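What follows draws every value from the coordinates through simple rules; no lab data is involved. Predicted model, so just to flag it, every value in this text is computed and none were measured. Cβ placement follows ideal geometry from the backbone for every residue including glycine, while neighbour counts extend to all protein chains displayed.
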Amino acid sequence: MFGLSFGFGYYYLLTILMAENAAAIAALFGSIFTKEGAAMGSLNIAIIPQILFGGLFVPVSYLPIWCRWLSYLMFSRYASSLSSFYLFGDCARSDPSEQNPCVQYLRAYQISDDNKGLYWLGFLGLFIVTKVTATVIFAKKARHYE
């Protein structure tokens, strides 16, 4: 068996940020649509691509080349990369041989120690862009009702 390490602080921060990102997407869809039924029905447009293009179940390298760029727009890609890095990173650094399952997993999903900062930047950047966009749309609609 191989050792797993995941500090509670990173787990807590990733969990909170995942919830905040999901809330930001919900707020964006809530700001776009005027009827809650339409917003709820179209939320699948945001959820399904998170699963397909986020690298949760299938490595991004397995996707067709023409749609790989979509993975950079999914917060689930950054969340799964960060959690995988914090789960398997110490194990991979302690035994960098090709037989180590941690190394195999990180290579299959193209997760690198060098990109950890970019994962955090992408994760927080998508949150900020989504939240600001929802706020701007809400503000424009609020002026309409004055």
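List the cysteines in the chain whose Cβ has no other cysteine Cβ under 4.7 Å from it.
67 - these cysteines have no disulfide-compatible partner (Cβ-Cβ under 4.7 Å) in the chain.
Calculate the dipole size of region 80-146 relative to its Cα centre from +1 charges on Lys and Arg beta carbons and -1 charges on Asp and Glu beta carbons; express the result in debye to the nearest 20.
The calculated dipole for region 80-146 is roughly 580 debye.
Between 0 and 90 degrees, rounded to the nearest ten: what's the tilt of helix 44-53 against the longest Cα principal axis of the chain?
The angle comes out near 20 degrees.
To the nearest 20 debye, what is the magnitude of the charge dipole of region 41-119 about its Cα centre, counting +1 on the Cβ of each Lys and Arg and -1 on the Cβ of each Asp and Glu?
260
Roughly how many nanometres apart are two label points built 7 Å out from the Cα toward the Cβ at residue 93 and residue 35?
If labels sit at residue 93 and residue 35, their model points lie 5.4 nm apart.
Under 16 Å from the 7 Å Cα→Cβ point of residue 141, by amide nitrogen: which residues of region 27-45?
27-44
Considering the dipole of the chain built from charges on the beta carbon (Lys and Arg +1, Asp and Glu -1) around the Cα centre, which of 122, 132, 31 is farthest to its positive end?
It is 31, whose Cα lies furthest towards the positive end.
One quarter of the convex hull surface, Cα atoms only: what value does that give for region 72-146 in nm²?
Taking a quarter of the hull surface, the average projection is 5.5 nm².
With θ set to phi - 60° and the Karplus curve 6.51 cos²θ - 1.76 cosθ + 1.60, what are the ³J(HN,Hα) couplings of region 8-16 in order, to the nearest whole Hz, using x for Gly and Pro?
4, x, 5, 4, 5, 4, 5, 5, 5
With only Lys, Arg, Asp and Glu charged, each at its Cβ (+1 for the first two, -1 for the last two), find how big the charge dipole of the chain is about the Cα centre; round to the nearest 20 debye.
Dipole about the Cα centre, nearest 20: 540 debye.
Enter the angle in degrees (range 0 to 90, nearest 10) between the Cα long axis of helix 75-94 and the first principal axis of the Cα atoms of the chain, meaning the one along which they spread out most.
20
What order do you get for 20-31, 99-110 when each peptide is scored by the mean count of other beta carbon atoms within 10 Å, highest first?
Listed from highest to lowest mean packing, they are 20-31, 99-110.
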